[in-house]
Amino acid sequence: MANDLEIQIQTLITAFVSYLINVIQISIPFITQFSNAHPTLFLGIISVIIMYVAIRIILSIWSILKRLFYVSLFIFAFLIYLRGIDQFFNNDVPFLYNLVLQDKDLETIIIQSCAYLSSTSVTSSTLLYKFLKSKVVEYISQL
């Protein structure tokens, strides 16, 4: 059953790609003929298209950066809530700063920071440490 669905999907994709190739093959001579007949108008249209694509790419990157900022802000607030503001700024931030400056790989940094959080937390948050460690191992195994 699943194999039949895969075959149908492959057939649809193949038909779509071949149709797309045919459309491109037909449109290329029209585009070259138009660019030879009206070079100024062609350059204007292409410039507008390129500007539109560039603006869309810049806006997408901006959106990704905003989301990354909000996620990091949420994690930052969560860590302050978990550890307390004094513990976080006086101990955790300098520890993480020194850890990042040691030029280690991401897995080592996360495991060391989780071990630090586990050993210095008021409640000795081994649950958080085990959860983060399992997620890191799962993430690394997927790579």
Within straight-line cross-link reach of Lys130, aspartates and glutamates at Cα separation under 19 Å, skipping those fewer than 8 residues along the same chain: Asp92, Glu107, Glu138
Most mobile of Leu20, Leu43, Leu59 per a Gaussian network model of the chain (Cα springs, under 10 Å)? Leu20
Projected label distance in nm at Asp86 and Leu5, using a 7 Å step from Cα toward the beta-carbon: 5.8 nm
Got the relative contact order for the chain handy, in percent, Cα pairs under 8 Å and 6 or more residues apart? 11 percent
FRET efficiency, Ile24 to Ser60 (Cβ-Cβ, R0 35 Å, nearest 0.05): 0.90
Divide by every residue of the chain the summed helix terms, -39500 (n - 2.57) for each DSSP H run of at least 4, and state the resulting mean residue ellipticity at 222 nm, rounded to the nearest 500 deg cm²/dmol. -30000 deg cm²/dmol
Nothing charged except the Cβ atoms of Lys and Arg (+1) and of Asp and Glu (-1): what's the magnitude of the dipole of the chain about its Cα centre? Round to the nearest 20 debye. 300 debye
Helix 2-37 versus the longest principal axis of the chain: what angle, 0 to 90°, nearest 10, using Cα atoms? 60 degrees
Could you point to the label whose value was computed as percent of Cα pairs over 24 Å apart for the structure here, given (i) 45; (ii) 42; (iii) 64? (iii)
Using a cut-off of under 11 Å, list every residue of region 78-101 whose amide N is near the label point 7 Å from the Cα of Gln112 along the Cα-to-beta-carbon line. 95-101
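Read-outs throughout are calculated quantities, based only on the coordinates presented, and are distinct from any laboratory measurement. Just so it is clear, the structure is predicted and the values come from calculations on it, not from any experiment. Cβ: placed from backbone, ideal geometry, glycine included. Neighbour counts: every protein chain shown.
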